Amino acid sequence: MLLRKDALTGLMLVAFAGLGLWLSRDYAIGTALRRGTGYMPRLLCWILLGLGGLILVQGLLASERQEEAQPDAAASWRPVVFVTAGLVTFGLTLERLGLVVSIALLIGIGAVAARGLRVVETVLAAVVLIVLSWAIFILGLGITIPVWPEW
């Protein structure tokens, strides 16, 4: 039962959460009004621990499922390569190309990871992410991020 994907994923999340809680054991937690340096890391680790526990229990209690057809090895690496490439591209281009172009590149490269590329959904996701990022980080938090490329 522990060799099922859900059970192994749950174990991995529980292990990461446990490691995070152990590493942050000496951080000052504070209170909800006056948070210390360990407040958010420990809160996130507890959330991760809960989610990992739920996934682990679900994986252990799941009935025997028919094994899905396994894609070839090249198809399994496609999401890892393209999602990572999209994130790296975003990080490297944000300052020079601005928020709009960097997010468009991120979404475009990441969309290639999917088996069926849907252009309308990809463009809609990019527009929504650009608007939300602009509203949250630039308007809401006042972070100075270039919106458009400066040539």
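The values are calculated or read from the model by the stated rules, or taken from the named source; none is laboratory data. Source: prediction; values computed, not measured. Protein only, heavy atoms only, side chains kept; ligands, DNA and RNA dropped before computing areas. Shrake-Rupley method; radii C 1.70, N 1.55, O 1.52, S 1.80 Å.
According to the square roots a ≥ b ≥ c of the eigenvalues of the Cα gyration tensor, what is the shape class of region 17-57, taking rounded for a/c under 1.5, prolate for a/b larger than b/c otherwise, and oblate for the remainder? Judged from the Cα gyration tensor, region 17-57 comes out oblate (a/c at least 1.5, b/c at or above a/b).
By accessible area, using a 1.4 Å probe on protein heavy atoms only, the chain has 71% of its surface on carbon and sulfur. In the chain, Cα pairs under 8 Å separated by at least six residues give a relative contact order of 21 percent.
Under the membrane-span-like helix rule (DSSP H runs whose alpha carbons stretch at least 24 Å along the helix axis, mean Kyte-Doolittle hydropathy -1.0 or higher), the chain yields 5-23, 39-61, 73-111. Overall, the ratio between the Cα radius of gyration of the chain and 2.2 N^0.38 Å, rounded to two decimals, is 1.36.
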